[in-house]
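The values are calculated or read from the model by the stated rules, or taken from the named source; none is laboratory data. Since this is a predicted model, take the numbers as computed values, not measurements. Note that each Cβ is placed from the backbone with ideal geometry, even for glycine, and that neighbours are counted across all protein chains shown. The protein model used for the area step is the full one, side chains on, heavy atoms only, and it has no ligands, DNA or RNA in it. Shrake-Rupley method; radii C 1.70, N 1.55, O 1.52, S 1.80 Å.
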Amino acid sequence: MIPQEIIRQKRNGATLSAADIDAFIGALGRGELAESQIGAFAMAVWFRGMTREETVALTLAMARSGDTLSWQGIDRPIADKHSTGGVGDNVSLMLAPIAAACGLAVPMISGRGLGHTGGTLDKLESIPGYGIKPDAARFRKVVDEVGCAIIGQTGVLAPADGKLYAVRDVTATVDSVPLITASILSKKLAAGLETLVLDVKIGNGAFMTSQEEAETLARSLVEVANGGGVKTSALITDMNQPLADAAGNVVELRNCLDFLKSNKSGTRLETVVLAFASEMLVQAGIVANAADAESRARKALASGKAAEIFGRMVHALGGPADLLEHPDRYLASAPVQKPVLAAADGWLGACDAREIGMSVIDLGGGRRRPQDKIDHRVGFTDILPLGTKVSRGDRIATVHAADEASAQKAAVALSANYRIMDTAPALSPVILRRI
């Protein structure tokens, strides 16, 4: 196998054979390719695309690049959810324990921040001691005994994806349907799932900015996953504003704890979390219909069972046993907190969610290069949803920053980001379509 020849073929628009794809990905997983070759391959795929057959081959090759997991002996349906990424999207943190509380086993393998989006693993690493890379035996033990475990890719589970994922983030090749499909599903196929629900986001804060793009990606994911033997569906959701009222790492983790304590009812975030919980439960055959599934999920949340499971998961993976009871003991706060003020009277009519994500990166809460270290403390809280009526000078968010200069810069940028309208805007629903 000559890597540059495979890159040349794809660059020129040829359809790669499954054997060539398997050979290239095998070499990538073994560490035999230069980073420049990985980047060139990603860029060629970005420009030329892949057929459905190529995408299936890429996904299976990446899934086979390491170990695969078996959940034999666990007497609950093995289910998971994945999001294509957004701003203030901490759904997985609450969804996994809710689903576990309702009778599912959820082995959730998540990623770091990608582009302007926040990463589930970065949020969890805000918790002292939390181990995102347990060995396979411990991963299985936590899923079996607790009901869910949210971890990162281990060195032996789809290792080719981990290497390609890191290069995509810094080569502007994130928003490629075949690469997104293979990246997401290789981990899911290797994880031995029975069912999967996908959150495909659309809007100015998502990688897919049009309905056509989102539906194309959703269909690609659903068709490839089902073809790989995992019962899969997708929901297309709105990402034209931050989903939670926080964006960052520690701040979104605190938002998660508030949610699990039932302090985020009536929000867009609650709508999405419960919709995905319902989809997971129906798909796995736990309940017969969406209404019963949502009722069960709400009870798991209101009873405190979901919060208990989250706390047990954190402790089982090395974190503190009393995080929910005493979060301030463990979660660091930024030294500077500054209000973001409305520039005029009116209604919050629109914002650029991607720019809010980029502002988190500017504050130090995200990466421009894979090796960059992040400041888990920084970000935004108290973010008002679009459609809120405000007066000039009202607080529309709070900046959490490492220093006064960074806080001032972020506050000015965020205030300018919001368009304030004279009349209440017409807003789209947060759940747009099921595929």
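Figures for the structure shown
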item	result
Answer from M313, M280 - the residue that is within 13 Å of A100 (Cβ to Cβ) and within 17 Å of the chain's Cα centre (by Cα)	M280
Scan of the stretch 116-135 for residues that are in contact (Cβ under 8 Å) with a residue 40 or more places away in the chain and open to solvent by 60 Å² or more (accessible area, probe 1.4 Å), ordered by number	E125, P128
Qualifying position, being of a type in the set (A, V, I, L, M, F, W, C), within 30 Å of G285 (Cβ to Cβ), buried (at least 24 other Cβ atoms within 10 Å of the Cβ) and touching a Phe, Trp or Tyr at 6+ places or on another chain (Cβ under 9 Å), among L243, L221, L217, L235	L217
Residue list for the stretch 369-418, restricted to those being over 23 Å from G203 (Cβ atoms) and among the charged types (D, E, K, R)	R369, D372, K373, D375, R377, R392, D394, R395, D403, E404, K409
Residue in the stretch 256-269 that is open to solvent by less than 10 Å² (accessible area, probe 1.4 Å) and either part of a loop (DSSP other than H, G, I, E, B) or among the β-branched types (V, I, T) (or both) present	no
Within the stretch 135-193, considering residues that are of a type in the set (A, V, I, L, M, F, W, C), under 19 Å from R30 (Cβ atoms) and in a loop (DSSP other than H, G, I, E, B), the one modelled with the lowest pLDDT	V156
Selection status of A307, of a type outside the set (S, T, N, Q), under 26 Å from the mean Cα position of the chain (by Cα), over 25 Å from T381 (Cα atoms) and assigned to a helix (DSSP H, G or I)	no
Members of the stretch 399-435 found to be open to solvent by 80 Å² or more (accessible area, probe 1.4 Å), under 28 Å from V272 (Cβ atoms) and polar (S, T, N, Q), listed by number	T423
Test: residue in the stretch 70-89 that is without any contact (Cβ under 8 Å) to a residue 24 or more places away in the chain, over 24 Å from A300 (Cβ atoms), assigned to a helix (DSSP H, G or I) and not hydrophobic (A, V, I, L, M, F, W, C)	no
Matching residues, the stretch 164-188, being among the charged types (D, E, K, R), closer than 13 Å to G111 by Cβ and open to solvent by 10 Å² or more (accessible area, probe 1.4 Å)	D169
Single residue of A27, A34, A42, A63 found to be closer than 17 Å to A166 by Cα, open to solvent by less than 30 Å² (accessible area, probe 1.4 Å) and free of Cβ contacts under 8 Å to residues at least 40 places away in the same chain	A27
Matching residues, the stretch 380-435, being among the basic types (K, R) and part of a loop (DSSP other than H, G, I, E, B)	R392
Residue match in the stretch 355-376 (condition: touching a strand residue (DSSP E or B) at 6+ places or on another chain (Cβ under 7 Å), open to solvent by 50 Å² or more (accessible area, probe 1.4 Å) and not β-branched (V, I, T))	no
